[in-house]
Amino acid sequence: MIKPADLPQTIPVFPLPGALLLPRTRLPLHIFEPRYLAMLDDTLKTSHRLIGMVQPREVPGSTEKRLHSIGCAGRVTQFSETEDGRYMITLAGMSRFRVNEEVAGFTPYRRCDVSWEGFDADLGPTEHDPTFQREAFLDLLGRYFDAMNLSTDWDSLKEAEDELLINSLSMLCPFDPEEKQALLEAPSLSTRRETLVTLIEFALRGGSDEETMQ
């Protein structure tokens, strides 16, 4: 089993608003910007093949986009090239990380020194949610999907394991970047499920900008 000490201290980061990667999930990405094509090319030359997904955040009164302090690294497990030189890749979520600092250098993409401490469970076995009330959750989810005009394979959802269900919905539901960040930073699967329920209920109430999630 991989340990935090086995992971690199410096990784390339892909600051993509609204794109959420979680441990033991898969995230497909379309790579076409020259700087990220260079990032992919360099990543494929490493033994770990890790790319850090992290949410950018706005700085009031500035055009600068800083990074949230916590992201999730994924390993490039699939990639294919299109005829016009673009790539379709899949990242397999490995572990969350905490950004220590950005690394200055000559690469066109951003790199960060990161710490993997505090996220040991990400590299462990599948998590379970012992207090998960699936029937009530799926009923709430059904009302949310109806309200948002979303469709899904309900048979697959009903059969999915707790972690796959909760994490997949966290990634796929149309929440804003800050809400996605809250789901990412949830310390356990139970906490992520509680956050997910709060966000769904907030959306069903027609939450306004004046309301904030506690």
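The values are calculated or read from the model by the stated rules, or taken from the named source; none is laboratory data. As the structure is a prediction and not an experimental result, all values here were calculated from the model. We place every Cβ from the backbone using ideal geometry, glycine too, and count neighbours over all the protein chains shown.
Against the condition farther than 18 Å from Ala182 by Cα, at pLDDT 95 or above and exposed (fewer than 13 other Cβ atoms within 10 Å of the Cβ), how does Thr77 come out, does it pass? Can you show your working first?
Numbers: farther than 18 Å from Ala182 by Cα: yes; at pLDDT 95 or above: yes; exposed (fewer than 13 other Cβ atoms within 10 Å of the Cβ): yes.
Spelling it out, Thr77 is indeed farther than 18 Å from Ala182 by Cα, at pLDDT 95 or above and exposed (fewer than 13 other Cβ atoms within 10 Å of the Cβ).
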Kindly indicate which of Glu185, Glu163 is among the acidic types (Asp, Glu), in contact (Cβ under 8 Å) with a residue 40 or more places away in the chain, touching a strand residue (DSSP E or B) at 6+ places or on another chain (Cβ under 6 Å) and closer than 16 Å to Thr25 by Cα. Glu185
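Yes or no, residue by residue, for (1) in contact with a Phe, Trp or Tyr (Cβ under 9 Å, 6 or more places away or on another chain); (2) among the charged types (D, E, K, R):
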site: Leu150; (1), (2): yes, no
site: Ser156; (1), (2): no, no
site: Glu161; (1), (2): no, yes
site: Leu165; (1), (2): yes, no
site: Met171; (1), (2): no, no
site: Glu178; (1), (2): no, yes
site: Val197; (1), (2): yes, no
site: Glu201; (1), (2): yes, yes
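Determine, yes or no, whether Glu135 is closer than 27 Å to Arg96 by Cα and free of Cβ contacts under 8 Å to residues at least 40 places away in the same chain.
Numbers: closer than 27 Å to Arg96 by Cα: no; free of Cβ contacts under 8 Å to residues at least 40 places away in the same chain: yes.
So Glu135 does not fit the description; no.
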Buried (at least 20 other Cβ atoms within 10 Å of the Cβ), assigned to a strand (DSSP E or B) and out of contact with any helix residue (DSSP H, G or I) (no Cβ under 6 Å at 6 or more places or on another chain) - does that describe any residue in region 114-123? yes
Unique residue being over 23 Å from Ile166 (Cα atoms), basic (Lys, Arg) and modelled with pLDDT under 95 when the list is Arg57, Arg49: Arg57
Regarding region 184-200, can at least one residue be identified that is surrounded by fewer than 18 Cβ atoms within 10 Å (Cβ to Cβ), in contact with a helix residue (DSSP H, G or I) (Cβ under 7 Å, 6 or more places away or on another chain) and in a helix (DSSP H, G or I)? yes
Under the condition of being part of a helix (DSSP H, G or I) and aromatic (Phe, Trp, Tyr), which residue from region 134-180 is modelled with the lowest pLDDT? Trp154
Selected residue (criterion: surrounded by the fewest Cβ atoms within 10 Å (Cβ to Cβ)) from residues of region 44-74 that are more than 18 Å from Pro15 (Cβ to Cβ) and hydroxyl-bearing (Ser, Thr, Tyr): Ser47
Within region 80-94, of all residues that are modelled with pLDDT under 95 and of a type in the set (Ser, Thr, Tyr), the one nearest to the chain's Cα centre (by Cα) is Tyr87
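Which residue is farthest from the chain's Cα centre (by Cα), if the candidates are limited to region 112-165 and must be among the β-branched types (Val, Ile, Thr) and farther than 26 Å from Ile2 by Cα?
Quick first cut of region 112-165, residues among the β-branched types (Val, Ile, Thr) only: 114, 126, 131, 152.
From what is left, the residues that are farther than 26 Å from Ile2 by Cα are 131, 152.
Working: Thr131: 24, Thr152: 20 Å.
This residue is Thr131.
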Among (1) aliphatic (A, V, I, L, M); (2) in the same structural domain as Pro23 (by TED's automatic domain parsing); (3) touching a helix residue (DSSP H, G or I) at 6+ places or on another chain (Cβ under 9 Å), there is one condition Ile166 misses while meeting the rest; what is its number? (2)
